[in-house]
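**Q** Take a look at the following structure, please.
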Amino acid sequence: MMPFFWFLAAAFFCGAFSVWYATSSEDKLAGREKIARIRWVGIVFGIPALIWCIPHAGAVAPDFLIPLFWPLAIAVPVAGYFVLDFIFSRVAAGWAIILGYQLVHLSFEGMIPGHTVFAIVGWLLGIGGIWVSGIPRHFRDAARLAARNASFRIAMTICFAAAAVIALYGAVWSCLYA
């Protein structure tokens with residue numbers, strides 16, 4: 001059941017960004033630039049991302065930190081609300097890294113036909129997430145570029161739509177054959 005969830009989450013994530021880029025225009029630019037900085041949306045999507053990381057962080061964290069993971073998963077996004085800027089950009093980048101990791105992991109674990117395609121999509125999502133998390137204003141800059149440059153808008157729409165279709169294929173395959 002978990003592979004189905006992760007493939008479906010990746011399909012939704014990529015599909016949402018495909019629609020985001022497809023509907024970009026100069027008229028919507030002012031509102032879309034602000035989305036990167038919406039704090040409460042970053043908190044709402046950031047807490048589940050950190051909760052997902054808890055089981056994975058236990059393998060690499062010192063023993064004295066493990067009991068603090070659950071309180072930190074709640075406290076860190078709340079503290080980030082007051083300290084960080086571009087919270088939604090950071091959270092979207094974090095989800096891209098998480099979903100990229102899951103796609104790469106499931107592509108080798110699940111023996112899905114065409115598993116290399118899932119790995120490539122996962123690596124590209126992860127690299128994009130690392131790029132945006134390193135400099136969160138790139139999220140806003142990509143919105144500006146998509147609104148002003150039709151070639152970039154079409155290319156990003158196609159890339160995210162293709163990634164969504166590939167992830168949806170993984171969800172269907174994992175539901176039917178796994």
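**Q** Report the residue count in the range 107-125 for those that are open to solvent by 10 Å² or more (accessible area, probe 1.4 Å) and assigned to a helix (DSSP H, G or I).
**A** The qualifying residues number 10.
**Q** Within the range 81-95, count every residue that is touching a Lys or Arg at 6+ places or on another chain (Cβ under 8 Å) and either under 23 Å from Phe5 (Cβ atoms) or in a helix (DSSP H, G or I) (or both). Before the answer, list the steps.
**A** Step one: of the range 81-95, the residues touching a Lys or Arg at 6+ places or on another chain (Cβ under 8 Å) are 81, 84-89.
Keeping just the survivors that are either under 23 Å from Phe5 (Cβ atoms) or in a helix (DSSP H, G or I) (or both) gives 81, 87-89.
Residues meeting the conditions: 4.
**Q** State which residue is nearest to Ile127 (Cα to Cα) when the search covers only the range 67-83 and only residues that are open to solvent by 70 Å² or more (accessible area, probe 1.4 Å) and without any contact (Cβ under 8 Å) to a residue 12 or more places away in the chain.
**A** Only one residue fits best here, namely Val83.
**Q** Within the range 138-178, which residues are modelled with pLDDT under 90, in a helix (DSSP H, G or I), open to solvent by 60 Å² or more (accessible area, probe 1.4 Å) and not aromatic (Phe, Trp, Tyr)?
**A** Val172, Cys175, Leu176
**Q** Might you check whether a residue that is open to solvent by 70 Å² or more (accessible area, probe 1.4 Å), over 17 Å from Ala163 (Cβ atoms), of a type in the set (Asp, Glu) and in contact (Cβ under 8 Å) with a residue 24 or more places away in the chain occurs anywhere in the range 10-26?
**A** yes
The values are calculated or read from the model by the stated rules, or taken from the named source; none is laboratory data. Computed from a predicted model, the values in this text were never measured in an experiment. Quick reminder, even Gly has a Cβ in these numbers, built from the backbone with ideal geometry, and neighbours come from all protein chains shown. These area figures cover heavy atoms from the full protein model, side chains too; ligands, DNA and RNA do not enter into them. Shrake-Rupley method; radii C 1.70, N 1.55, O 1.52, S 1.80 Å.
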